[in-house]
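The values are calculated or read from the model by the stated rules, or taken from the named source; none is laboratory data. Everything numeric here is computed off the predicted structure, so don't read it as measured data. In this analysis, Cβ positions are derived from the backbone assuming ideal geometry, glycine residues included, and neighbour counts consider all displayed protein chains.
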Amino acid sequence: MKKALFCISLVLLWNCKEKKEEPASIAETLKTYTIDQMMDNETVFGGSFSPDKSNLLVTSNKTGIYNMYQVDLETEEFHPITASDSSSVFAVSYFPKDSRMLFRMDNNGDEVYQLYLRDTTGTVSNLTPYEGARSLFYGWSDDETAFYFGSNKRDKRFNDVYKMDLGTLEPSLMYQNNDGTNVSLISRDESYLVLVKSINTNDSDIFLYDVKSGEKKKINTTQSGNSPADFSLDNKYVYYTTDEGSEFAYLVRYNIAEGTSEKVLQKDWDIVGSYFTRNGKYRVSYINEDAKNTIEVMDTSTGENIELPQFEGGDITNVSFSRDEEMMRFYVGGSNTPSNLYTYNLGSKEQKRLTNTLNEEIVPEHLVAAEVIRFKSFDGLEVPAIYYKPHQASEENKVPALVWVHGGPGGQSRQNFSSLIQYLVNHGYAILAVNNRGSSGYGKSFYQMDDLNHGDKDLKDCVEGKNWLAQQADIDSEKIGIIGGSYGGYMTMAALTFAPEEFDVGVNIFGVTNWLRTLKSIPPWWESFKDALYKELGDPYTADSVRLREISPLFHTDKVTKPLIVLQGAQDPRVLQVESDEIVAGVKKNGVPVEYVLFEDEGHGFVKKENQIEAYSKILEFLDIYLKGEEGTPINDSTL
């Protein structure tokens, strides 16, 4: 008996010892990070291999603004190539046979891009110095002696196609666009162009244009979501994705000689793109699988997908290949980690990580991984959403929450890293990114459900998202706001005007408030898409104007009763500054707390870290005062 009691005592002592040594939970060790710490993450993207594969050309915002860098693949060092402190610089590519570099810039976010050359001496020259015109890179010629680009210098509404000789750096007109189509593909032998004509925001017609004869032939047979993908190397086939007879887009190839199409790849989600590597060794396909990328790289000689590296807690989000197809660069990231750049030798299987984009002061476990959830809306429709629950949330410590609405219309909240989302969640705000009806990625029927119905059922989906949050045991149901940018900003204002008692605060980031003006003032280079946009939203020059006025928050500001913060870029060509100026003035008449943050050097989206820090800190200050209810002095109106 004594022996038995002794053993029991040992067990009890052991159990007590074990309990004492249990590691602390994340909530107990959680650090609250400043906006400077959270924004000290680095964003890197792109990656063109130099002809000798010794370097990569990438874009990074490590200095606080996007610039171009050359990465030495031997030493892994980043060497700055540009040092802009105003307009962002975006790397395009090395030249195919030498170390000259191509990049693009606009003017502080006005989206009027021009293409620049940095030669081997470091001299920079503007290759498309066309006043007020925007130029976009379309790709290298197959013989590597030229590149193609589109420019609207002749007619601001349409992009013509030019061929730039790499020796003389003189452009020649290749295709004059007179009918409002968009050139999407150029065959490798330059015999054909693929033209796209938008019908509505989902459906397009695809035309094969014979350069020699001038003949234009439609290759799709029904009205459906058609999107060109690539030409085959032998120029006999055009690959494109379509949702004909299906909810989701699949890949087909069109036989140019026979005029027939056959399905080549189908998944349970949208195939959003597919292309061949330079020599046709691989076909790369991107699948939008429940709001994140799945990538397949098929060996065309076997028809089998090659095995890609695997990463715990992250996914490969983007890949690209060297011109000889021996090397691949790729990015790995997730909802709780910014993407890192890797290289991969397809022969030796050696991989090398080139970046550490997360600020070293941030403990990775303190960030929150997204969870995909689904809830039933008011009419029984199942609505997908992405949920971020703060580590500190519990039944005993209920937290405030925000419904996050993506841009668009027709966009999608995805399982990608967002410094703003992580900053707010780290400070104790739950976020539910609702993919309301009308969002892409969930089938064409779901996508079309908000056509000519904006500010109604899509808004009701967001309200039901709020109701889902309110039912969670660790959410303070009395403190739920709404936040969004662009179209999401419109939804914020729609919520505060058309459902004024549903949300406790609103965060409007360059949101549309007057559809009549926005649809009449869209940039001229959107001409080819304008009719499609009018079919979804309404034509402001017709009887649709009555409904457009009804759904425009600007004309209903007297109904706003909840605190609002508005953020805007003065250079925004899509949502003009006047949209935000007027909504702020209108809501202020109600005696409602309104904050306004205006950036003179930003466009449709804030890309400079200095401005992001200012914007995001203002949002948190606003939420802490008006949603969380913490004591403090209200922030002042700011024009920055």
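Out of all the residues in the stretch 111-131, is one or more closer than 20 Å to Asn182 by Cα and among the basic types (Lys, Arg)?
no
Of everything in the stretch 80-125 that's small (Gly, Ala, Ser) and in a loop (DSSP other than H, G, I, E, B), which residue is nearest to Trp526 (Cα to Cα)?
Keep residues of the stretch 80-125 that are small (Gly, Ala, Ser), which gives 83-84, 86-88, 91, 93, 99, 109, 122, 125.
If we keep only those that are in a loop (DSSP other than H, G, I, E, B) too, we end up with 83-84, 86-88, 99, 109, 122.
Values: Ala83: 31, Ser84: 28, Ser86: 26, Ser87: 23, Ser88: 22, Ser99: 34, Gly109: 16, Gly122: 35 Å.
Looking at residues that are small (Gly, Ala, Ser) and in a loop (DSSP other than H, G, I, E, B), I get Gly109.
Looking at Glu478, is it in contact with a strand residue (DSSP E or B) (Cβ under 9 Å, 6 or more places away or on another chain) and among the acidic types (Asp, Glu)?
Numbers: in contact with a strand residue (DSSP E or B) (Cβ under 9 Å, 6 or more places away or on another chain): yes; among the acidic types (Asp, Glu): yes.
Considered against the rule, which asks whether it is in contact with a strand residue (DSSP E or B) (Cβ under 9 Å, 6 or more places away or on another chain) and among the acidic types (Asp, Glu), Glu478 comes out as yes.
Go through (1) closer than 29 Å to Gln412 by Cα; (2) in contact (Cβ under 8 Å) with a residue 24 or more places away in the chain one by one and return the number of the condition Asp189 breaks.
Among (1) closer than 29 Å to Gln412 by Cα; (2) in contact (Cβ under 8 Å) with a residue 24 or more places away in the chain, Asp189 violates only (1).
Restricting to the stretch 537-555, name every residue that is crowded, with 20+ Cβ neighbours inside 10 Å and either assigned to a helix (DSSP H, G or I) or hydrophobic (A, V, I, L, M, F, W, C) (or both).
So the first thing to find is which residues in the stretch 537-555 are crowded, with 20+ Cβ neighbours inside 10 Å, and the list is 537-538, 548, 551-554.
Those that are crowded, with 20+ Cβ neighbours inside 10 Å and either assigned to a helix (DSSP H, G or I) or hydrophobic (A, V, I, L, M, F, W, C) (or both): Leu537, Leu548, Ile551, Pro553, Leu554.
Please determine whether any residue of the stretch 503-519 is of a type in the set (D, E, K, R), within 25 Å of Phe158 (Cβ to Cβ) and out of contact with any His (no Cβ under 9 Å at 6 or more places or on another chain). Even if it seems obvious, please write down each step before you answer.
Here is the first cut: in the stretch 503-519, the residues of a type in the set (D, E, K, R) are 504, 517.
Next, only the ones that are within 25 Å of Phe158 (Cβ to Cβ) stay: 517.
The next check asks that each one be out of contact with any His (no Cβ under 9 Å at 6 or more places or on another chain); those that pass are 517.
Checked the stretch 503-519: at least one residue is of a type in the set (D, E, K, R), within 25 Å of Phe158 (Cβ to Cβ) and out of contact with any His (no Cβ under 9 Å at 6 or more places or on another chain).
Counting only residues that are at negative phi and among the small types (Gly, Ala, Ser), how many does the stretch 274-295 have? If you could, list the steps in order and put the result at the bottom.
Of all residues in the stretch 274-295, those at negative phi come to 274-279, 281-289, 292-295.
Now restrict to residues that are among the small types (Gly, Ala, Ser): 274, 285.
Total satisfying the criteria: 2.
Of the conditions (1) crowded, with 17+ Cβ neighbours inside 10 Å; (2) of a type outside the set (Val, Ile, Thr); (3) more than 30 Å from Asp203 (Cβ to Cβ); (4) free of Cβ contacts under 8 Å to residues at least 24 places away in the same chain, Met298 satisfies every one except a single condition; which number is it?
Of (1) crowded, with 17+ Cβ neighbours inside 10 Å; (2) of a type outside the set (Val, Ile, Thr); (3) more than 30 Å from Asp203 (Cβ to Cβ); (4) free of Cβ contacts under 8 Å to residues at least 24 places away in the same chain, only one is false for Met298: (3).
Before we move on, is Ser125 of a type outside the set (Lys, Arg) and modelled with pLDDT of 95 or more? Even if it seems obvious, please write down each step before you answer.
Working: of a type outside the set (Lys, Arg): yes; modelled with pLDDT of 95 or more: yes.
In short, yes.
Filtering the stretch 418-448 down to residues that are part of a loop (DSSP other than H, G, I, E, B) and among the hydroxyl-bearing types (Ser, Thr, Tyr), which residue is nearest to Ile480 (Cα to Cα)? Break it down stepwise before answering.
Looking only at the stretch 418-448, we keep the residues that are part of a loop (DSSP other than H, G, I, E, B), and these are 418, 427-429, 435-443.
Filter once more, so that each one left must be among the hydroxyl-bearing types (Ser, Thr, Tyr): 418, 429, 439-440, 442.
Values: Ser418: 20, Tyr429: 9, Ser439: 22, Ser440: 25, Tyr442: 26 Å.
That would be Tyr429.
What single numbered condition from (1) crowded, with 19+ Cβ neighbours inside 10 Å; (2) in contact with a helix residue (DSSP H, G or I) (Cβ under 7 Å, 6 or more places away or on another chain); (3) of a type in the set (S, T, N, Q) fails to hold for Asn177?
(2)
Yes or no, residue by residue, for (1) under 30 Å from Gln392 (Cβ atoms); (2) of a type outside the set (Lys, Arg); (3) in contact with a Ser or Thr (Cβ under 8 Å, 6 or more places away or on another chain):
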residue: Thr34; (1), (2), (3): yes, yes, no
residue: Asn41; (1), (2), (3): yes, yes, yes
residue: Ser50; (1), (2), (3): no, yes, yes
residue: Leu56; (1), (2), (3): no, yes, yes
residue: Glu77; (1), (2), (3): no, yes, no
residue: Pro80; (1), (2), (3): no, yes, yes
residue: Ser84; (1), (2), (3): no, yes, no
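Can Lys53 be described as more than 30 Å from Gly132 (Cα to Cα), basic (Lys, Arg), at pLDDT below 95 and surrounded by fewer than 18 Cβ atoms within 10 Å (Cβ to Cβ)?
Details: more than 30 Å from Gly132 (Cα to Cα): yes; basic (Lys, Arg): yes; at pLDDT below 95: no; surrounded by fewer than 18 Cβ atoms within 10 Å (Cβ to Cβ): yes.
No: the conditions fail for Lys53.
Within the stretch 188-207, restricting attention to residues that are of a type in the set (A, V, I, L, M) and modelled with pLDDT of 95 or more, which residue is farthest from the chain's Cα centre (by Cα)?
As a first pass, look at the stretch 188-207 and keep what is of a type in the set (A, V, I, L, M): 193-196, 199, 206.
Add one more test, that the residue is modelled with pLDDT of 95 or more, and what stays is 193-196, 206.
Values: Leu193: 28, Val194: 25, Leu195: 24, Val196: 22, Ile206: 25 Å.
The selected residue is Leu193.
Scan the stretch 395-417 and give yes if some residue there is out of contact with any Asp or Glu (no Cβ under 7 Å at 6 or more places or on another chain) and assigned to a helix (DSSP H, G or I), otherwise no.
In the first step, residues of the stretch 395-417 are kept if they are out of contact with any Asp or Glu (no Cβ under 7 Å at 6 or more places or on another chain); the result is 396-397, 401-408, 410-417.
Restricting the remaining residues to those that are assigned to a helix (DSSP H, G or I) gives none.
No: zero hits.
Go through the residues of the stretch 156-163 one by one and say whether even a single one is out of contact with any helix residue (DSSP H, G or I) (no Cβ under 6 Å at 6 or more places or on another chain) and either surrounded by fewer than 17 Cβ atoms within 10 Å (Cβ to Cβ) or more than 28 Å from Ser191 (Cα to Cα) (or both).
The first filter runs over the stretch 156-163 and keeps only residues out of contact with any helix residue (DSSP H, G or I) (no Cβ under 6 Å at 6 or more places or on another chain), leaving 158-163.
Then keep just the ones that are either surrounded by fewer than 17 Cβ atoms within 10 Å (Cβ to Cβ) or more than 28 Å from Ser191 (Cα to Cα) (or both); that gives none.
The answer is no; no qualifying residue exists.
For Ile619, only one of the following conditions fails: (1) within 16 Å of Gly485 (Cα to Cα); (2) in contact with an Asp or Glu (Cβ under 7 Å, 6 or more places away or on another chain); (3) at pLDDT 95 or above; (4) not basic (Lys, Arg). What is its number?
Here Ile619 meets the rest and fails (2).
Looking only at the stretch 500-513, count every residue that is surrounded by fewer than 18 Cβ atoms within 10 Å (Cβ to Cβ) and either touching a Gly at 6+ places or on another chain (Cβ under 7 Å) or among the hydrophobic types (A, V, I, L, M, F, W, C) (or both) and tell me the total. Before the answer, list the steps.
Applying the first criterion (surrounded by fewer than 18 Cβ atoms within 10 Å (Cβ to Cβ)) to the stretch 500-513 yields 500-501.
Checking the rest, the ones that are also either touching a Gly at 6+ places or on another chain (Cβ under 7 Å) or among the hydrophobic types (A, V, I, L, M, F, W, C) (or both) come to none.
Looking only at that region, the number is 0.
Does the stretch 242-268 hold any residues that are polar (S, T, N, Q), closer than 21 Å to Tyr447 by Cα and surrounded by fewer than 22 Cβ atoms within 10 Å (Cβ to Cβ), and which are they? Walk me through it before giving the result.
Our first condition is that a residue be polar (S, T, N, Q); within the stretch 242-268, this holds for 242, 246, 255, 260-261, 266.
From what's left, closer than 21 Å to Tyr447 by Cα: 242, 246, 266.
Those that are polar (S, T, N, Q), closer than 21 Å to Tyr447 by Cα and surrounded by fewer than 22 Cβ atoms within 10 Å (Cβ to Cβ): Ser246, Gln266.
Can you name every residue in the stretch 556-594 that is assigned to a helix (DSSP H, G or I), basic (Lys, Arg) and either at positive phi or surrounded by fewer than 16 Cβ atoms within 10 Å (Cβ to Cβ) (or both)?
Step one: filter the stretch 556-594 for residues assigned to a helix (DSSP H, G or I), giving 556-559, 577-588.
Imposing the further condition that a residue be basic (Lys, Arg) reduces the set to 559, 588.
Scanning the stretch 556-594 gives a single hit, Lys559.
Looking at Glu602, Glu630, can you tell me which residue is without any contact (Cβ under 8 Å) to a residue 40 or more places away in the chain and either buried (at least 16 other Cβ atoms within 10 Å of the Cβ) or not aliphatic (A, V, I, L, M) (or both)? Lay out the reasoning, then the answer.
Working: Glu602 fails: without any contact (Cβ under 8 Å) to a residue 40 or more places away in the chain.
The match here is Glu630.
Being within 24 Å of Leu173 (Cβ to Cβ) and among the small types (Gly, Ala, Ser) narrows it down to one of Gly139, Gly64, Gly122, so name that one.
Numbers: Gly64 fails: within 24 Å of Leu173 (Cβ to Cβ); Gly122 fails: within 24 Å of Leu173 (Cβ to Cβ).
On inspection, the qualifying residue turns out to be Gly139.
Given the criteria within 17 Å of Gln577 (Cα to Cα), surrounded by fewer than 24 Cβ atoms within 10 Å (Cβ to Cβ) and touching a helix residue (DSSP H, G or I) at 6+ places or on another chain (Cβ under 6 Å), does Leu516 qualify? Before you say what the answer is, go through the steps one by one.
Details: within 17 Å of Gln577 (Cα to Cα): yes; surrounded by fewer than 24 Cβ atoms within 10 Å (Cβ to Cβ): yes; touching a helix residue (DSSP H, G or I) at 6+ places or on another chain (Cβ under 6 Å): yes.
Yes.
May I ask you to list the residues in the stretch 595-624 that are in contact with a strand residue (DSSP E or B) (Cβ under 6 Å, 6 or more places away or on another chain) and assigned to a loop (DSSP other than H, G, I, E, B)?
If the condition is that a residue be in contact with a strand residue (DSSP E or B) (Cβ under 6 Å, 6 or more places away or on another chain) and assigned to a loop (DSSP other than H, G, I, E, B), then Glu602 is the only one that fits.
So is Glu144 surrounded by fewer than 19 Cβ atoms within 10 Å (Cβ to Cβ), touching a Phe, Trp or Tyr at 6+ places or on another chain (Cβ under 9 Å) and under 24 Å from Asn279 (Cβ atoms) or not? Don't jump to the end; show me each part of the working.
On the way: surrounded by fewer than 19 Cβ atoms within 10 Å (Cβ to Cβ): yes; touching a Phe, Trp or Tyr at 6+ places or on another chain (Cβ under 9 Å): yes; under 24 Å from Asn279 (Cβ atoms): yes.
Criteria met by Glu144.
Mind counting the residues in the stretch 126-144 that are of a type in the set (Gly, Ala, Ser), outside any loop (DSSP other than H, G, I, E, B) and farther than 25 Å from Arg188 by Cα? It would help to see each step written out before you state the result.
Here is the first cut: in the stretch 126-144, the ones of a type in the set (Gly, Ala, Ser) are 132-133, 135, 139, 141.
Then drop every residue that is not outside any loop (DSSP other than H, G, I, E, B), which leaves 135, 139.
If we keep only those that are farther than 25 Å from Arg188 by Cα too, we end up with none.
Total meeting the criteria: 0.
Give me the residue from the stretch 306-340 that is polar (S, T, N, Q) and out of contact with any Leu (no Cβ under 7 Å at 6 or more places or on another chain) and, out of that set, surrounded by the fewest Cβ atoms within 10 Å (Cβ to Cβ). Don't jump to the end; show me each part of the working.
Pass one, the stretch 306-340, residues polar (S, T, N, Q): 310, 317-318, 320, 322, 335-337, 339-340.
When the remaining residues are screened for being out of contact with any Leu (no Cβ under 7 Å at 6 or more places or on another chain), the result is 310, 317-318, 320, 322, 335, 339-340.
Working: Gln310: 9, Thr317: 21, Asn318: 18, Ser320: 16, Ser322: 21, Ser335: 24, Ser339: 23, Asn340: 19.
Looking at the filtered set, the residue picked out is Gln310.
For residues that are free of Cβ contacts under 8 Å to residues at least 24 places away in the same chain and either of a type in the set (D, E, K, R) or buried (at least 16 other Cβ atoms within 10 Å of the Cβ) (or both), tally how many sit in the stretch 205-216.
Step one: list which residues in the stretch 205-216 are free of Cβ contacts under 8 Å to residues at least 24 places away in the same chain, which gives 205, 210, 212-216.
Of the ones still in play, those that are also either of a type in the set (D, E, K, R) or buried (at least 16 other Cβ atoms within 10 Å of the Cβ) (or both) are 205, 210, 212, 215-216.
Selection size over the stretch 205-216: 5.
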